[in-house]
Amino acid sequence: MSSGNKDLRCGSQTKQLVIDTANFYLEGVGREGISRAELAAQTREIEQAQRRVRDGSSAGLDAEFAALNLAHEMPAQLPQIQAMAADLRRHQDVLVIGIGGSSLGAKALQQALAPQPAMAGTPRLHFVENIDPYFLQRLLSSLVAESTAVLCISKSGGTIETVVQYLILRDWLTRQLGGNTARRHQWIITDPKNGWLRELAEREGLPSLPVPPRVGGRYSVLSPVGLVPLAVLGVDIETLLQGAVDNAARCANADVAANPALEMAALSVLLDTRRSKRTAVMMPYVNRLQLFVDWYCQLWAESLGKWDRARPGSTPAGTLPVRAMGAVDQHSQLQMYLESRHDKFFTFIELETCEYDLPVPLDDFDAPHFPFLKGRSMAEVIDAEFRATRQVITDAGHPNMTIRLPLLNAHVLGQLIDLYQRTTIYAGLLYGINPLDQPSVETGKRLAIDYLRGTPR
């Protein structure tokens, strides 16, 4: 077994994800699955979606689907990203201010690749997301301003939750250190030209990096938005990007059988529209992927939960993403999954190789009670739990697929990020909706500002 620190930077280990969709099909799960004939009947629509993604990704960061090009384009910016990370790394604590797509990706990858406590020589990373005064006050009471850095991230440069927290933290730094010194503890990642944060960075001379204008927040983890915090922690971001590049090459095929992102998207849409599977449950059997599922939930929900505004009366699209953790939620949600409505499909994520494993020790008193644990390890137990749950889900007729991670390292996570970003965009095109906008979310943001103005409608 490899050590945790070694696995943090294992660029030489470049194994592919194993993606098993057999239980999405009729022959795998019975009548609730999709038949090969149903998938073949969608060939024209699937090929159109693949062409849209291919053509819409052909202009680098100016492309319609610019997010899919980040892994190819970011290596040129790595010197600037690493330089900002090096400046931040000189502090004991780094506060990352952002919400939604400006924080979830980096937070998820931190949990997966560099869980706290931080590696020796790296700062403690604190994600300041929700506007909870109790949380922020408690956090500030534990920090020393002289050794604290603030990294403010907002694509728009005006996200109200982020602005409020930044203003409070800037004031705290200023009161503790004085204005000139406080400015040396602040960094900005935002739009290259527009927004309050961009204007502020230029006016105050704050070091900053751009978010590519055509990359939405939930698709931005492979931009400076995610790469800078991860670089602060010592994650091998170059290998992370290479993983995404490698998955992109794997998903370039127009044949749905040879393009896992296209196949996953097509089957997800068919399960929704042909089998009324309206809930997409993702269940990893790896604790360190808990926040990855949160990232997936935002990506999937915000991209696909909408209707075509160009066609009044059109049917709303999208399935509801739900997080479940194996084996924990076998004891809290599985009963509902097995015996409630057949309106769900499942994605299991398992880890093939654990960095650590622990044998199950049995003494003479224990052994007669648990003979099946003799000679077993904790990794073997969690594998048995996963296999059992997948079996009962399959036997109950619920469509499911499995993603097997050969390791949990930067290259594998890069693959996984690209896989789900592509799958989401493909699914949006197959639904006939725009997977890049979030009009109802924007309406809610405007209404919140109206309430603050005292002019709610």
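The values are calculated or read from the model by the stated rules, or taken from the named source; none is laboratory data. As the structure is a prediction and not an experimental result, all values here were calculated from the model. Using ideal geometry, Cβ is built from the backbone for each residue, glycine included, and neighbour counts are taken over all protein chains shown.
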Test: residue in the stretch 405-422 that is in a helix (DSSP H, G or I), modelled with pLDDT of 95 or more, surrounded by 24 or more Cβ atoms within 10 Å (Cβ to Cβ) and basic (Lys, Arg): yes
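Of the residues 319, 273, which single one is crowded, with 18+ Cβ neighbours inside 10 Å and of a type in the set (Ser, Thr, Tyr)?
319
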Qualifying residues in the stretch 39-89 (those that are under 27 Å from residue 21 (Cβ atoms), over 21 Å from the mean Cα position of the chain (by Cα) and polar (S, T, N, Q)) - the one surrounded by the most Cβ atoms within 10 Å (Cβ to Cβ): 50
Residue match in the stretch 439-451 (condition: among the polar types (S, T, N, Q) and either in a loop (DSSP other than H, G, I, E, B) or closer than 17 Å to residue 401 by Cβ (or both)): no
Residue tally, condition polar (S, T, N, Q) and either assigned to a helix (DSSP H, G or I) or at positive phi (or both), over the stretch 41-58: 3
Enumeration of residues in the stretch 332-370 that are surrounded by fewer than 17 Cβ atoms within 10 Å (Cβ to Cβ) and of a type in the set (D, E, K, R): 339, 341, 343, 352, 357, 363, 364, 366
Search result, residues across the stretch 409-442 that are without any contact (Cβ under 8 Å) to a residue 60 or more places away in the chain and more than 22 Å from residue 215 (Cβ to Cβ): none
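So which helices (runs of 4 or more DSSP H) stay within the stretch 146-257 end to end and still have 3 or more residues that are buried (at least 16 other Cβ atoms within 10 Å of the Cβ)?
Numbers: elements: 160-177, 179-183, 196-204, 224-232, 237-250.
It comes to 160-177, 196-204, 224-232, 237-250.
Each row is one residue, and each column tells you yes or no for (1) in the same structural domain as residue 379 (by TED's automatic domain parsing); (2) small (Gly, Ala, Ser); (3) in contact with a strand residue (DSSP E or B) (Cβ under 9 Å, 6 or more places away or on another chain).
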site	(1), (2), (3)
270	yes, no, yes
276	yes, yes, no
287	yes, no, no
295	yes, no, no
Unmet requirement for residue 80, which otherwise passes all of (1) under 30 Å from residue 277 (Cβ atoms); (2) assigned to a helix (DSSP H, G or I); (3) of a type in the set (S, T, N, Q): (1)
Tabulated pairs, the stretch 346-368, first assigned to a loop (DSSP other than H, G, I, E, B), second among the β-branched types (Val, Ile, Thr), C-beta under 8 angstrom, 6+ apart or interchain: 352/18; 360/381
